[in-house]
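Beneath this line is the structure, given in structure tokens, with notes to follow.
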Amino acid sequence: MSLRNTAAPQGRRSRRMTGSASLTPLFLFAPAAIVLLAAVGYPLVRLVISSFQDFGMKSLFLGETPWVGFDNYVNIFTSDDFWPVILRTVAFTAACLIITVGLGMLMSELMMRLNKPMRIALNVVLILAWAIPTVTATLIWQWLFQPPYGVVNWLITKLGIFGDFTDHNWLTTPTDAWIMVTLLVVWQGAPFIAFTLYAGQSQIPREYYEAAMLDGASGLKIYMTVTFPFLKAIIYLVSILTIIWRFNIFNQIWILTGGGPEGGTTTLGIWSFREAFAGNNYGQGAAIAVVTAGILMFVTAFYVRRLVRSGEQL
């Protein structure tokens with residue numbers, strides 16, 4: 001058999017193997033994609049459809065949901081509550097992002113420097129804080145800040161800097177209420193970021209640190225030139241997750257403040273719930289949820305693009 005005759009079948013087999021290999025990821029991805037479409041895709045499509053309908057309590061009895069076009073969206077964008085709620089949600093998300101990621105980076109660095117027993121003790125504390133269910137943690141927070149028996153009020157009073165805080169009610173002003181909610185959310189979110197960053201930081205070769213120390217670099221210089229570049233992709237990832245989780249936050253705010261006082265802690269999630277279930281205007285609530293999803297998709301697309309770029313640079 002000539003060389004040309006043997007090369008042709010080998011080429012066809014190679015192409016078939018290459019084509020089969022290229023389809024393998026699709027076959028592996030297909031089950032997860034089907035489940036995801038069924039679990040997320042259908043509710044999302046139903047939500048968008050509802051946002052264009054006059055879907056209220058009357059529709060549940062009559063079984064009729066007339067189309068109203070963009071009326072629900074027009075009502076949202078012309079509402080006096082729209083911009084205050086948007087600004088409130090963005091400010092809260094930004095505050096939680098900065099504090100949570102910053103605290104997570106500090107705790108990750110601390111875990112790198114602690115000896116093994118102390119690191120295990122810190123891990124146990126962080127896991128307990130992270131593993132407590134949201135509703136349970138929120139109820140504990142209510143007790144901590146409750147006047148006049150709350151531990152927080154007692155500690156502040158003992159410090160003697162702000163006077164007598166024994167009977168201070170944290171729900172009388174929006175600023176106090178936001179402090180209480182933000183501390184709770186940061187307390188719950190920081191452990192996840194600390195563990196994620198620590199997992200990445202522990203994989204950085206020690207030779208880079210030894211070389212930097214031989215060059216006489218300070219601790220901050222070593223962190224900024226060695227640690228931070230390695231952690232940049234992970235920081236982008238946890239930042240995206242933090243933005244998505246905090247932008248959609250509902251349980252903590254609803255249980256602690258109910259969106260008050262005077263609507264001062266009402267975010268997009270609280271506003272959507274109130275319109276849909278307190279006002280029995282499901283179409284309006286769906287429209288607010290769609291606007292929220294649109295804002296998140298825009299922000300997430302930007303961060304994912306930066307994440308991919310930073311991953312390619314590593």
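The values are calculated or read from the model by the stated rules, or taken from the named source; none is laboratory data. Worth saying up front: this structure is predicted, and the values here are computed from it rather than measured. In this analysis, Cβ positions are derived from the backbone assuming ideal geometry, glycine residues included, and neighbour counts consider all displayed protein chains. For the accessible areas, the whole protein counts, side chains as well, though only heavy atoms, and no ligand, DNA or RNA atoms are used. Shrake-Rupley method; radii C 1.70, N 1.55, O 1.52, S 1.80 Å.
Could you tell me whether any residue of segment 95-117 is closer than 17 Å to Ala199 by Cβ, of a type in the set (Lys, Arg) and part of a helix (DSSP H, G or I)?
The answer is yes; a qualifying residue exists.
For every residue, the table says whether it meets (1) within 27 Å of Ala293 (Cα to Cα); (2) at pLDDT 90 or above; (3) among the acidic types (Asp, Glu); (4) in contact with a helix residue (DSSP H, G or I) (Cβ under 7 Å, 6 or more places away or on another chain).
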site	(1), (2), (3), (4)
Glu64	yes, no, yes, no
Asp81	yes, yes, yes, yes
Arg88	yes, yes, no, no
Ala95	yes, yes, no, yes
Gly104	yes, yes, no, yes
Val124	no, yes, no, no
Trp130	yes, no, no, yes
Pro148	no, no, no, no
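Out of (1) open to solvent by 30 Å² or more (accessible area, probe 1.4 Å); (2) closer than 30 Å to Ile243 by Cα, the odd one out for Val185 is which?
Failing condition for Val185: (1).
Could you list, in sequence order, all residues of segment 283-293 that are surrounded by fewer than 23 Cβ atoms within 10 Å (Cβ to Cβ) and either not hydrophobic (A, V, I, L, M, F, W, C) or not in a helix (DSSP H, G or I) (or both)?
Hit for segment 283-293 is Thr292, nothing else.
Which is open to solvent by less than 90 Å² (accessible area, probe 1.4 Å) and closer than 22 Å to Trp245 by Cβ, of Leu106, Leu87, Leu114, Leu97?
Just a single option satisfies the conditions, and that option is Leu97.
What pairs come up if the first residue lies in segment 106-131 and is within 20 Å of Leu231 (Cα to Cα), the second is among the hydroxyl-bearing types (Ser, Thr, Tyr), and their beta carbons are under 8 Å apart, counting only those six or more places apart or on different chains?
Note: pairs meeting the criteria are Met107/Tyr198; Ser108/Tyr198; Glu109/Tyr223; Glu109/Thr227; Met111/Tyr198; Met112/Tyr198; Met112/Ser202.
Residue check: is Phe228 free of Cβ contacts under 8 Å to residues at least 24 places away in the same chain, aromatic (Phe, Trp, Tyr) and either closer than 20 Å to Val135 by Cα or not in a loop (DSSP other than H, G, I, E, B) (or both)?
yes
Would you call Asn123 open to solvent by less than 50 Å² (accessible area, probe 1.4 Å) and closer than 23 Å to Tyr223 by Cα?
Answer is yes for this residue.
Exactly one of these conditions fails for Val238: (1) open to solvent by less than 20 Å² (accessible area, probe 1.4 Å); (2) farther than 27 Å from Val124 by Cβ; (3) in contact (Cβ under 8 Å) with a residue 24 or more places away in the chain; (4) not basic (Lys, Arg). Give me its number.
(2)
Restricting to segment 152-193, give me the number of residues that are more than 15 Å from the chain's Cα centre (by Cα) and either outside any helix (DSSP H, G or I) or of a type outside the set (A, V, I, L, M, F, W, C) (or both).
Looking only at that region, the number is 20.
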